[in-house]
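Contents: one structure, followed by commentary.
No value in this document is a laboratory result; all are computed from the given coordinates. These figures come from a predicted structure and were not determined experimentally. Here the Cβ positions follow ideal geometry from the backbone for every residue, glycine too, while neighbour counts run over all protein chains shown.
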2 protein chains.
Amino acid sequence: MLVQPLLTYFDSYLALNEEESAQLSSRVVERRLKRRQLVLQQGDVCRHYTFVVAGCLKLYGVDKKGTEHILQFAAESDWISDIGSFHAEQASQLYIEAIEPAVVLQLEKPDLIYLYRHYAKFDRNFRVIIENKFVALQQRVLQNISSTAEERYHSFLSQYPDLAPRLPNTQIAAYIGITPEFLSKIRKDSAAR
Amino acid sequence: MLVQPLLTYFDSYLALNEEESAQLSSRVVERRLKRRQLVLQQGDVCRHYTFVVAGCLKLYGVDKKGTEHILQFAAESDWISDIGSFHAEQASQLYIEAIEPAVVLQLEKPDLIYLYRHYAKFDRNFRVIIENKFVALQQRVLQNISSTAEERYHSFLSQYPDLAPRLPNTQIAAYIGITPEFLSKIRKDSAAR
DNA sequence: CGCGACGTTGATTTGCCTCAACGATTGTGG
DNA sequence: CCACAATCGTTGAGGCAAATCAACGTCGCG
């Protein structure tokens, strides 16, 4: 099973020892996803923390008009989950979907809780992981309430230089909070200079 | 010293035992703040986790035009800090300021690290605390990219029914990402119905 | 092949901002 | 304790950023 990327990932935090690695490895489940395959549907409880080994997924909501709004992209070595639904075990308002064929490792709640209970390092590492995600999300909020669409677009490109070329512009538009048509105009105007 | 509210606060997570309580109490510093007093200035490193015992503070950035954009309000029993600056020990782009006279308890990084190192419960509790904050922040991002100003305003009122009446409308506008003038029109239109 | 996602363009509308002005508080220094 | 400045909330005129709607060409995929 493709668990090595996950163990390597933890090396950038407090590296796991043999036992912790073995415990994690034995609890994680590999899953291969086709493009457009759903990992979470609105109305279901989010049952997994999903770690992306290869490919790319998105976390998004759909408004009354049927328009998608993307909260997160997750490519290689990133986690994706509806944390609120996961912990409260309540119906999610969100979707998680593969936007490229993907290989993921999934951890269910009882297993995660087991790891938390027996190995303090998981509390520590996930605390740091989510702190980092929190800081990035705060930056995004600040951008959203203080910048124009054009600034948000260029900021997105420079913040995710590897990810952006893999995404259709419609998805980038749904992430920065504008319509695809308007993004097209931004790109045109930017190119003209 | 007014440390009791902090210990009580932790009861809603994994409650601290005597030793943990004593360790935390001995490391936290009480501070009284006047209205408008700054706890963090742009350009400085954020040196504290600040717990609000009484009063209200805000975390905000200022753009090139001099306009404030508010990332967080923190009233009683809430934490406020620039977590990114705090952990990286890098100059902050943000300000933290008391918007009411306040009493806070502050924890410096070496002390927090000491607690993390010796008592796993702090890792656990702060993990859960920040998970909750993360979920709320995701909801806010979704609102920002999918809703109108009017929807964001009413959503703010219903999400923070106790806090909102304590805030001037200018501050609410700076939080939901609109101008005070436009908020005034929203309120007028809402009242008309 | 044919359908559906994608990117683009243009015309029009609308949500929200800008700027200016005004009364009502609030607070603050003399 | 008064006078003056600063903050706050509001209104209105005008302008701009971004949405909406419709149409069209391209492309990849089933």
Amide hydrogen neighbours beyond the local backbone of residue A:55, cut-off 5 Å, H modeled: A:76, A:103
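Which whole number gives the average count of other chain Cβ atoms within 10 Å of the Cβ atoms across peptide A:55-67? Kindly include the intermediate steps, with their values, before the conclusion.
Values: counts 0, 0, 0, 0, 2, 1, 5, 1, 4, 1, 1, 0, 2.
Rounded to a whole number, the mean comes out at 1.
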Residue-averaged beta-carbon neighbours from other chains (10 angstrom radius) around B:37-44: 0
Calculated label separations, residue A:2, copies of the chain, 7 Å along the beta-carbon direction, nm: 5.4
Derived scalar couplings ³J(HN,Hα) [region A:88-97; Karplus, 6.51 cos²θ - 1.76 cosθ + 1.60; whole Hz; x for Gly, Pro]: 7, 6, 10, 4, 7, 8, 10, 10, 10, 9
Cβ-vector label at 7 Å, residue A:41, separations to other copies in nm: 5.7
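With +1 on each Lys and Arg Cβ and -1 on each Asp and Glu Cβ, and nothing else charged, work out how big the dipole of the protein assembly as shown is about its Cα centre, in Debye to the nearest 20.
Details: 46 positive and 46 negative charges, 216 e Å.
Its charge dipole is roughly 1040 debye.
With charges set only on the Cβ (+1 for Lys and Arg, -1 for Asp and Glu), what does the dipole of chain B come to about its Cα centre, in debye to the nearest 20?
Details: 23 positive and 23 negative charges, 110 e Å.
That gives chain B a dipole magnitude of about 540 debye.
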Nm distances between copies for residue A:65, ranked from closest, using label points 7 Å along Cα→Cβ: 2.4
Listed residues A:57, B:154, B:6: farthest to the positive end of the dipole of the protein assembly as shown (Cβ charges): B:154
Largest-first principal axis extents of the Cα set of chain A (Å): 57, 33, 29
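With the contact rule set at Cα under 8 Å and sequence spacing of 6 or more, what percent relative contact order holds for region A:84-193?
On the way: 30 pairs, mean separation 14.0, N = 110.
Dividing the mean separation by the residue count of region A:84-193 yields 13 percent.
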Karplus-derived HN-Hα couplings along region A:42-52 (A = 6.51, B = -1.76, C = 1.60, θ = phi - 60°), whole Hz, x at Gly and Pro: 3, x, 8, 7, 6, 9, 9, 8, 10, 9, 8
